[in-house]
Amino acid sequence: MNLNMKKRIADIQTKNEFSGTILVQENKEILAEVSHGYANRSEQLQNHARTRYGIASGCKLFTAIAICQLVEERKLSFDSKLKDCLDVNFPNFDKEINIHHLLTHTSGIPDYFDEETMDDFEELWVETPMYRVRALKDFLPLFQDKPMKFKAGERFHYNNAGYILLGLIVEQASRLSFAEYVQEHIFRKAGMADSGYFEFDALPPNTAQGYIDFKDGTWKTNIYSLPAKGGSDGGAFVTVHDMVKLWEAIMNHLLLNEAYTRQLLTSHARVDENHNFYGYGVWIKKNENGSVLKYHVMGYDPGVNFHSAFYPEQSVNVVICSNKSTGAFDMMIGIEDEMNRP
């Protein structure tokens, strides 16, 4: 284990009381594998390397891979119109919306949780009880009849509802539930034996509770803050080692052939002027010369904080899973700083 990396992680953990597990791996060599905090605070069960963590939006990558697999099998195309590949009525949606728009957050559809106008995810469940949201179709009433936000293809705007629609398209094209599809065609193929879409009221062993901390030192779990079961826009559970297996499976073309892997990892949408782009379900950070610094995914929910990246020039994987609402970003910055030391 890299002692400088381990010390840097310990210093950051001391400052922000990080709770979770961190894995830094270069090729097959583990540079750091560290766990802090409790998977269950009430029982004082500690987090460890095989703890399963919620990763929120980090699993949009699974959805994008699923779509690309179905395109590779010629069951869909990236140009397929939403109206032609999903038997659901959207009275106010642009008829030109296609799968590419949904994958790249450029569809312009209304979001059920619009991060430009909302900051409290728990607000959603006041009128729609979260315990009733267990299937993708349960999300539809939250956005199905709303007006477009902008014309399809006009610009990038991060959108959770678009990935709900992609999951429904996966279900219709494959005739499997979304969770079943991902389990069979992604987790099993990548060797991710400990990952899955679990219901909050039926969590398997070694699964971390998510914790929301308050300024007065009290806390609560996130069981009433999120849908009872995650879906195609977020909510799967993984271990840090399973996440490394996913990156390896992508880069070694175990999930998609070379052409569709390239399509997945292409910079399809510019996010900002700071060399940040979006592929299909994955963020892409470039160097000033245009080469790829990292492919990365992230997830933020109440009681969930996740960052993971693959750095192609260094062949390094970083996975940071936390069962608190904050901490993973600071840890990622510190690890990257340590990686770039001469």
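The values are calculated or read from the model by the stated rules, or taken from the named source; none is laboratory data. What you are looking at is a predicted structure, and each value in this text was computed from that prediction instead of being measured. Neighbour counts are summed over all protein chains in view; Cβ atoms, including those assigned to glycine, are modelled from backbone coordinates with ideal geometry. Ligands, DNA and RNA are excluded from the accessible area calculation, which covers all protein heavy atoms including side chains. Shrake-Rupley method; radii C 1.70, N 1.55, O 1.52, S 1.80 Å.
Does V297 meet the test of being under 16 Å from L103 (Cα atoms), touching a residue at least 24 places away in the same chain (Cβ under 8 Å) and among the aliphatic types (A, V, I, L, M)?
So V297 passes the test.
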Handout entry: Identity of the residue in the range 212-225, open to solvent by 10 Å² or more (accessible area, probe 1.4 Å) and in contact (Cβ under 8 Å) with a residue 12 or more places away in the chain, that ends up farthest from A161 (Cα to Cα)
Key = W219
Practice task
Examine the range 121-141 for a residue that is under 20 Å from the mean Cα position of the chain (by Cα), modelled with pLDDT under 65 and either among the acidic types (D, E) or under 19 Å from C85 (Cα atoms) (or both), and state whether such a residue exists.
Solution key: yes
Practice task
Spot the failing condition for S77; the list is (1) under 24 Å from the mean Cα position of the chain (by Cα); (2) assigned to a helix (DSSP H, G or I), and only one is missed.
Solution key: (2)
Exercise for the section: Return the pairs, sorted by first residue and then second, in which the second residue is among the hydroxyl-bearing types (S, T, Y) and open to solvent by 50 Å² or more (accessible area, probe 1.4 Å), the first residue lies in the range 69-87 and is closer than 21 Å to E258 by Cβ and touching a residue at least 60 places away in the same chain (Cβ under 8 Å), the beta carbons are less than 6 Å apart, and the residues are 6+ apart or on different chains. Expected result: E72/Y260
Handout entry: Out of T63, T106, sole residue that is under 27 Å from R155 (Cα atoms), part of a helix (DSSP H, G or I) and β-branched (V, I, T)
Key = T63
Problem - Checklist (1) farther than 28 Å from R155 by Cα; (2) touching a Leu at 6+ places or on another chain (Cβ under 6 Å) applied to G279, failing item - result: (1)
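Per-residue answers, yes or no, for (1) closer than 29 Å to F200 by Cβ; (2) touching a Ser or Thr at 6+ places or on another chain (Cβ under 7 Å); (3) among the basic types (K, R); (4) buried (at least 21 other Cβ atoms within 10 Å of the Cβ):
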| residue | (1), (2), (3), (4) |
| --- | --- |
| A236 | yes, yes, no, yes |
| L246 | yes, no, no, yes |
| V271 | no, no, no, no |
| N276 | no, no, no, no |
| G281 | yes, yes, no, yes |
Handout entry: Search result, residues across the range 14-53 that are assigned to a helix (DSSP H, G or I) and open to solvent by less than 40 Å² (accessible area, probe 1.4 Å)
Key = N16
Problem - Some residue of the range 297-304 being more than 16 Å from the chain's Cα centre (by Cα) and modelled with pLDDT of 95 or more - result: no
Practice task
State which residue is nearest to A64 (Cα to Cα) when the search covers only the range 180-208 and only residues that are open to solvent by 20 Å² or more (accessible area, probe 1.4 Å) and among the small types (G, A, S).
Solution key: G191
Handout entry: Test: E288 is touching a helix residue (DSSP H, G or I) at 6+ places or on another chain (Cβ under 6 Å) and at pLDDT below 95
Key = no
Practice task
Please go through the range 305-327 and pick out each residue that is assigned to a strand (DSSP E or B), without any contact (Cβ under 8 Å) to a residue 60 or more places away in the chain and either touching a Ser or Thr at 6+ places or on another chain (Cβ under 8 Å) or small (G, A, S) (or both).
Solution key: A309
Handout entry: Number of the condition not met by G281 [criteria: (1) more than 27 Å from L166 (Cα to Cα); (2) part of a loop (DSSP other than H, G, I, E, B)]
Key = (1)
Problem - Complete set of residues in the range 134-179 that are hydroxyl-bearing (S, T, Y) and buried (at least 23 other Cβ atoms within 10 Å of the Cβ) - result: Y163
Problem - Given (1) open to solvent by less than 40 Å² (accessible area, probe 1.4 Å); (2) out of contact with any Cys (no Cβ under 7 Å at 6 or more places or on another chain); (3) closer than 23 Å to Y163 by Cα, number of the condition K75 does not satisfy - result: (1)
Practice task
Please work out which one of (1) in contact with an Asp or Glu (Cβ under 9 Å, 6 or more places away or on another chain); (2) open to solvent by 30 Å² or more (accessible area, probe 1.4 Å) is the condition K285 fails and give its number.
Solution key: (1)
Fill in the blank from the handout: Sole miss for A10 among (1) free of Cβ contacts under 8 Å to residues at least 60 places away in the same chain; (2) outside any helix (DSSP H, G or I); (3) open to solvent by less than 100 Å² (accessible area, probe 1.4 Å) is condition (2)
